[in-house]
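As structure tokens, the structure follows; a few thoughts come after it.
The values are calculated or read from the model by the stated rules, or taken from the named source; none is laboratory data. Given the structure is predicted, the values throughout are model-derived calculations rather than measurements. All Cβ positions, glycine included, derive from the backbone under ideal geometry; neighbour counts span all protein chains shown.
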Amino acid sequence: MLTESQSFSCPWCGEPNWVELEPGDLGQTVIQDCAVCCRAIEIFLPDEPDQPVRIVADQD
Ligand SMILES: [Zn+2]
């Protein structure tokens, strides 16, 4: 099965990151650490792989 990935900007440092769109994770929120600053980023994956991912704003 083809796994898609999308790029997004880290909300902490602004550096580009990639997230894998695993079919089982679509429509859910996942946590991924930034590859550059290592801070946790909450990412909402769309229901369809061709829709853009959304960064969930930090509540702190
Ligand atoms: Zn970062």
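I need a count of the residues in the range 14-25 that are loosely packed, with under 15 Cβ neighbours inside 10 Å and under 15 Å from residue 56 (Cα atoms).
1
For the range 27-45, what are the residues that are more than 16 Å from the ligand (Cβ to nearest atom) and either surrounded by fewer than 15 Cβ atoms within 10 Å (Cβ to Cβ) or more than 14 Å from residue 6 (Cα to Cα) (or both)?
Correct list: 27, 28, 29, 44.
Quickly run through the range 1-10 and pick out the residues that are in contact with a strand residue (DSSP E or B) (Cβ under 7 Å, 6 or more places away or on another chain) and not polar (S, T, N, Q).
Passing the criteria: 4, 8, 10.
Would you be able to say whether some residue in the range 40-50 is touching a Cys at 6+ places or on another chain (Cβ under 9 Å) and of a type in the set (Val, Ile, Thr)?
yes
Yes or no: the range 15-26 includes at least one residue that is within 16 Å of the ligand (Cβ to nearest atom) and in contact with a Lys or Arg (Cβ under 8 Å, 6 or more places away or on another chain).
No: zero hits.
Exactly one condition in (1) modelled with pLDDT of 95 or more; (2) touching a strand residue (DSSP E or B) at 6+ places or on another chain (Cβ under 9 Å) is false for residue 13; which is it?
The failed condition is (2).
Take residue 3 and tell me if it is in contact (Cβ under 8 Å) with a residue 24 or more places away in the chain, loosely packed, with under 14 Cβ neighbours inside 10 Å and away from the ligand (no atom under 16 Å from the Cβ).
For residue 3, the condition - in contact (Cβ under 8 Å) with a residue 24 or more places away in the chain, loosely packed, with under 14 Cβ neighbours inside 10 Å and away from the ligand (no atom under 16 Å from the Cβ) - is not met.
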